[in-house]
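Just so it is clear, none of the values below were taken in a lab; they were calculated from the coordinates. Quick caveat, the model's predicted, so the values are computed rather than measured. Here the Cβ is made from the backbone with ideal geometry for all residues, glycine too, and neighbour counts use every protein chain on show.
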Ligand code: AMP
Ligand code: MG
């Protein structure tokens, strides 16, 4: 087991041991946020035929070449085509056909003149100007062509992809499985939210923040409950988690004499890869693997520190990228932003600090301000923070007005109260 890794080394270790989960077939309508295992090719041309982009008249552009306000051209109104209909016959020279948006263009026609550009209507229609060949015509296959790859493997399915799968006539799609994450918390002081908090007990808030972080990462949390501070209690709950893809526990990974997570994991056959990451908050983070063969199950195992902010920050930095990788995503990390430091920050050189900051737009700049109390027990700091400011390990001061990088925890920071138009 390694110890004292930099956050980058720890992340590299986690990802090097994280598999990509196998494929499953799901209904397209329920595939939002999932990642395609295979490319999706089009089995059809879309649109299926040349069709009209406007309500108007299908014409042969050559018929209108001489049209002008002084000398309009009259074409015989031959028939009508609506969306969902089929032209009854080809369009002959000297004819036009009434056509509605989405209706297939009749053979012989090459262009559409908008209804608004015609003055009189009747058995004969008058055109006062020429029309460029192809005007207001949507070409067969201009969206998708038969055989063309439309969505690459690895694509995250969003709203447009969901619509496209439907347009291609797909009902099911192969996507990576969602990681199942067993979550447990350890500590004699912990109770559930409706529990008795007399005698120094506190609610196991980590259980809930971790489960929520799982869901936000597209994983399926399975809450195992609270383990008391004994090796036996911990072993029982950890065993229950071995059937999951990932096991996440909080607390009991430090050096206290009631910190049993590491010895119990090892007893169960877990190979600990590292303990201790040069970061604040979150130093005691533990990561291990159950090698193949240990009862056939090999969940990735994260022992997160117990302090509420440490648990959340280490989840963000290490568990979340692993969950995304498992589900087939390639962009594993939160977006970052370069910001102006709003007030001078100081620390001892040595560990990288993740500083909880609020962000404020000031003209073209974004200014980051530290949430006053950076204690790892103050969960409020995570409620108020919009980002984590990266205070590099070797730096001891980030002066006011200087530049720094933040990791956006919540993209709604970019959401605006004002419309864009
Ligand atoms: P430990 O790692 O057990 O020393 O816990 C460190 C700190 O985190 C202690 O103050 C615990 O009370 C607190 N803590 C541990 N587990 C949780 C939890 N599930 N929810 C909230 N706080 C916790
Ligand atoms: Mg404890």
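For the stretch 259-375, give me every one of the helices (runs of 4 or more DSSP H) that falls completely inside it and has 2 or more residues that are within 30 Å of residue 155 (Cα to Cα) and more than 16 Å from ligand 2 (Cβ to nearest atom).
308-314, 320-326
Being in contact with a strand residue (DSSP E or B) (Cβ under 7 Å, 6 or more places away or on another chain) and surrounded by fewer than 16 Cβ atoms within 10 Å (Cβ to Cβ) is the filter here, so list the residues in the stretch 54-73 that pass it.
Within the stretch 54-73, 66 is the sole residue that qualifies.
Please specify each residue of the stretch 237-258 satisfying the condition of being free of Cβ contacts under 8 Å to residues at least 60 places away in the same chain, more than 16 Å from ligand 2 (Cβ to nearest atom) and touching a strand residue (DSSP E or B) at 6+ places or on another chain (Cβ under 6 Å).
Within the stretch 237-258, 240, 241 meet the criteria.
Return the only residue of 185, 207, 230 being within 18 Å of residue 299 (Cβ to Cβ) and within 13 Å of ligand 2 (Cβ to nearest atom).
Going through 185, 207, 230 in turn, the sole match is 185.
If I filter the stretch 193-206 down to residues being within 31 Å of the chain's Cα centre (by Cα) and surrounded by 13 or more Cβ atoms within 10 Å (Cβ to Cβ), which single residue comes out as farthest from ligand 1 (Cβ to nearest atom)?
By that ranking, first place goes to 203.
Considering the stretch 327-375 alone, what residues qualify as being out of contact with any strand residue (DSSP E or B) (no Cβ under 8 Å at 6 or more places or on another chain) and in contact (Cβ under 8 Å) with a residue 24 or more places away in the chain?
330, 332, 348, 349, 350, 375 - these are the residues of the stretch 327-375 that are out of contact with any strand residue (DSSP E or B) (no Cβ under 8 Å at 6 or more places or on another chain) and in contact (Cβ under 8 Å) with a residue 24 or more places away in the chain.
Restricting the search to the stretch 168-190, which residues are assigned to a loop (DSSP other than H, G, I, E, B) and farther than 30 Å from residue 48 by Cβ?
Those that are assigned to a loop (DSSP other than H, G, I, E, B) and farther than 30 Å from residue 48 by Cβ: 177, 178, 179, 187, 188, 189.
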